[in-house]
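Asks: One structure is given below, represented as structure tokens, and several questions about it will come after.
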Number of protein chains: 2
Amino acid sequence: MKGAVLYGPRDVRFEERSTPAITEPTDAIIRISATCVCGSDLWPYRGINPITQPTPMGHEYCGIVEEIGSAVKTIKPGQFVIGSFFASDNSCPHCKAGYQTSCQHREFVTTAQAPILRVPLTDGTLLPTPEVPSANLIPSFLAASDVLGTGWFAASAANVKPGSTAVVVGDGAVGLLGVLSAKQMGAERIIAMSRHEKRQKLAREFGATDIVTERGDEGIARIMEVTKGVGADSVLECVGTQESMMQAIRSTRPGGSVGYVGVPHGVELDGEKLFYSHVHLHGGPAPVRRFLPKLINLIWKEKINPGKVFDLSLPLDQVAEGYRAMDERRAIKALLRP
Amino acid sequence: MKGAVLYGPRDVRFEERSTPAITEPTDAIIRISATCVCGSDLWPYRGINPITQPTPMGHEYCGIVEEIGSAVKTIKPGQFVIGSFFASDNSCPHCKAGYQTSCQHREFVTTAQAPILRVPLTDGTLLPTPEVPSANLIPSFLAASDVLGTGWFAASAANVKPGSTAVVVGDGAVGLLGVLSAKQMGAERIIAMSRHEKRQKLAREFGATDIVTERGDEGIARIMEVTKGVGADSVLECVGTQESMMQAIRSTRPGGSVGYVGVPHGVELDGEKLFYSHVHLHGGPAPVRRFLPKLINLIWKEKINPGKVFDLSLPLDQVAEGYRAMDERRAIKALLRP
């Protein structure tokens, strides 16, 4: 089969890779219905996370089960399944506490930009839809695999409650789905920070009530103005830079919560400033598996349409253009069809 | 009157200060029954927080109301009262959210090591006991003013729940009362980290089930051993150094909570490490006022005896010896009687 391989900065190739097969009795092999490029794929693509050898790419996926290992109990061939970017046993103490991305046996899925994928720890990782979904739902199920689950975790970690005020820092696909998640959790006021017209529009569609275009000190001043000098109850940090993190913390009211899901790059938090901010801080790699049953249900019943973040759809062999379009911010998120 | 004045490193004097009087209609004047030296007073005493001029000291207090301003409604002369180290209006949005130490009109109480104290924002700050308490309860009510309320906040911020495992980093008075607080909140296992025999004993009296004497990597390894490789549900950070903070974070299970109340000195948190730790982080200057009604009730009914942290009691004119004894770790906490 052919799949995506990253060779170095801005050098993604579509080329021959070995077709995966069952290696453990707990594995499943799935035929990918759709995969995509993640915002986090751009870190190595841009050379910020250096790569040392040709590296297969991709950790978001949904598709049809082709084969299962002998120990798999809950998943059957022919089912349409979604899994998180971290395979998890869903039975260790960390999984039971709802932190499947810290599973004691977790395995990162790294080869999903391809037509065929091996998923380990099948029973703890994959969830089936009630039936094979119609094509129009596939982008949304794909989103559940990471970007929706991550936005959802940001909102959950930021403790969004009915009637509360939420701020979303970051207008990438995760931030936009953070808006959708905050709306689902009943936030009354949702302030999206974005200076990109197309993304502002989608943010409003997903439930944003206010758009703030300013950043840094001015951005914080605008949030304070909007919240009458109090600060927001919940702030979703969906970028991962020092500036975005401090913007999030300083926009939060004392006792409020920052949920951070942007993978931190060069972030250093001053303990004393954090102390006097009185915020709650929680985040990390989103335990998508915790939220999948709920998210699959919402999508199946067409209550939400997170698939809208895919504003570019390409055949898998054009994967390099998917990376380029996201790198240049021409696309919010690129869906790839094998 | 005479009170404590800090002149420079290790130079506390008991000397003439002007007797406070009502300056605002919301003020009260109280005659101090007992005051004390705080662990945080040792930062300037040791020269770590430099002081630039002779500085009156003290922020922990309880006593009898002598006089009230014309606007005071809930407090009467003759009542025995306790207040937090931050005066608060208890009506602004931050106070209503339970964060009175971030009150929009907060004022730090800084002159309590004296026989007479002016307290601002009386109605929002002071709470009376049902009657004037007997002398044996005074140390415990004094503890409620800061050190008990701070230990309680550490346990609350660390989300201690019935049946949970809590670790307490720091064996000062706050840490010891963090043990007491975790016990009150129903923790099943309470691990106190201490290498000081007298403090270990008091920790056990307050409810510690385990003592860990190791620190740093070895301390963390011991916590992992005790928790079967999982980490603690709740960790109370009651020191404020880089080492203690990292010890707290690394002892916590993914999804667990660190409650930090030690005023951070030189603490820098690596965003990426924090991200992958999956911990909840919350802390800051303890909003003691939030907990005072409950704490006063527990002490009044003699359900708890936090006053035990005072293992040295001195007349106020020997305040310098109080500082010395705590600095040299001869005393856990020094009570001062005007």
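All of the numbers you see were taken from the coordinates with simple rules; none came from a lab. All figures in this text were calculated on a predicted structure; none of them were measured in a lab. Every residue, glycine as well, gets a Cβ built from its backbone with ideal geometry; the counts of neighbours run over all protein chains shown.
Asks: Averaged over B:263-270, how many beta carbons belonging to a partner chain fall within 10 Å of each residue's beta carbon?
Replies: Details: counts 4, 7, 2, 3, 7, 5, 7, 5.
Partner-chain Cβ atoms within 10 Å, mean over residues of B:263-270: 5.
Asks: To make sure I understand, if each residue's beta carbon is the centre and we count other beta carbons within 10 Å, what order do B:280, B:265, A:94 fall in, fewest to most?
Replies: Values: B:280 22, B:265 14, A:94 26.
Listing B:280, B:265, A:94 from fewest to most nearby Cβ atoms yields B:265, B:280, A:94.
Asks: Near residue B:30, within a Cβ-to-Cβ distance under 9 Å, what is the net charge of the other residues, with Lys and Arg +1 and Asp and Glu -1?
Replies: Charge balance in the 9 Å sphere: 0.
Asks: Still on this structure, please answer the following. Could you tell me, in Å, what Rg and Dmax come out for the Cα atoms of chain A?
Replies: When restricted to Cα atoms, chain A yields Rg and Dmax of 19.4, 60 Å.
Asks: Cut-off 10 angstrom, C-alpha nodes, Gaussian network model of chain A. Which of A:277, A:70, A:257 fluctuates the most?
Replies: Highest fluctuation of the listed residues: A:70.
Asks: Next up: Quick one: dipole size for the range B:103-183, taken about the Cα centre, charges +1 on Lys/Arg Cβ and -1 on Asp/Glu Cβ, in debye to the nearest 20.
Replies: Numbers: 4 positive and 5 negative charges, 36 e Å.
The dipole magnitude comes to about 180 debye.
Asks: Exposure proxy check: A:122, A:165 ranked by fewest other beta carbons within 10 Å? The partial results should precede the final answer.
Replies: Details: A:122 27, A:165 24.
Ascending number of Cβ neighbours within 10 Å: A:165, A:122.
Asks: Could you put B:276, A:61, B:323 in order, starting from the residue whose Cβ has the fewest other Cβ atoms within 10 Å? Each step should come with its number before you reach the end.
Replies: Values: B:276 17, A:61 28, B:323 24.
Arranged by neighbour count, lowest to highest, B:276, A:61, B:323 become B:276, B:323, A:61.
Asks: Continuing with the same structure: Which value at 222 nm does the protein assembly as shown reach when only helices count, each DSSP H run of 4 or more adding -39,500 (n - 2.57), with the total divided by all residues and rounded to the nearest 500 deg cm²/dmol? If you can, show how the numbers build up before the last one.
Replies: Details: 24 runs with 202 residues, N = 676.
Value at 222 nm, helices only: -8000 deg cm²/dmol.
Asks: What net charge do the residues around residue B:77 carry, taking every other residue with its C-beta under 11 Å from that of residue B:77, with Lys and Arg at +1 and Asp and Glu at -1? Mind dumping the intermediate values first?
Replies: On the way: positive: B:31, B:76; negative: B:66, B:67.
Around residue B:77, the surrounding residues sum to 0.
Asks: Mind running the shape call on the range B:150-283? Use the C-alpha gyration tensor, a ≥ b ≥ c as the square roots of the eigenvalues: rounded below 1.5 for a/c, prolate if a/b tops b/c, oblate otherwise. All intermediate terms of the calculation are to be shown ahead of the outcome.
Replies: Values: a/c = 1.35, a/b = 1.28, b/c = 1.05.
Since a/c stays below 1.5, the shape of the range B:150-283 is classed as rounded.
Asks: Please build a GNM for chain B, connecting alpha carbons under 10 Å apart, and tell me which residue among B:182, B:208, B:135 fluctuates the most.
Replies: B:135
Asks: For residue B:218 paired with residue B:135, estimate the spin-label separation in nm (one decimal), with each label point 7 Å from Cα along the Cα-to-Cβ line.
Replies: Each label point lies 7 Å from its Cα, and together they span 4.5 nm.
Asks: Same structure again: Looking only at the protein assembly as shown, where both bridge partners belong to it, what percent of the DSSP beta bridges are antiparallel (to the nearest 5)? Don't skip to the end; give the middle numbers.
Replies: Working: 62 of 113 bridges.
Antiparallel bridges make up about 55 percent of those DSSP assigns within the protein assembly as shown.
Asks: When chain A is modelled as a GNM with alpha-carbon springs shorter than 10 Å, which of A:284, A:271, A:124 fluctuates the most?
Replies: A:271
Asks: Under a plain spin-label model, where a point goes 7 Å from the Cα along Cα-to-Cβ, how far apart in nm are residue A:46 and residue B:201?
Replies: 6.0 nm
Asks: Taking 8 Å as the Cα distance limit and 6 or more residues as the minimum spacing, I'd like the relative contact order of the range B:279-335 as a percentage.
Replies: This gives 29 percent for the range B:279-335.
Asks: Based on the mean of other beta carbon atoms within 10 Å per residue, what is the order of A:305-316, A:79-90, most packed first? Each step should come with its number before you reach the end.
Replies: Numbers: A:305-316: 19.7, A:79-90: 24.5.
With the highest mean Cβ count within 10 Å placed first, the list reads A:79-90, A:305-316.
Asks: For every other residue with a beta carbon closer than 14 angstrom to the beta carbon of residue A:287, add +1 if it is Lys or Arg and -1 if Asp or Glu, then tell me the sum. Let's see the in-between values first.
Replies: Numbers: positive: A:96, A:106, A:289, A:290, A:294, B:253; negative: A:89, A:146.
Result for the local shell: +4.
Asks: With just the Cα atoms defining each centre, how far is the range B:264-338 from the range A:224-281? Give it in Å.
Replies: Value for the Cα centre distance between the two parts: 27 Å.
Asks: Now for a different question. Looking at the protein assembly as shown, I'd like the Rg to Rh ratio, where Rg is from alpha-carbon atoms and Rh is Kirkwood's inverse mean 1/r.
Replies: Numbers: Rg = 28.2 Å, Rh = 26.9 Å.
Dividing the radius of gyration by the Kirkwood radius yields 1.05.
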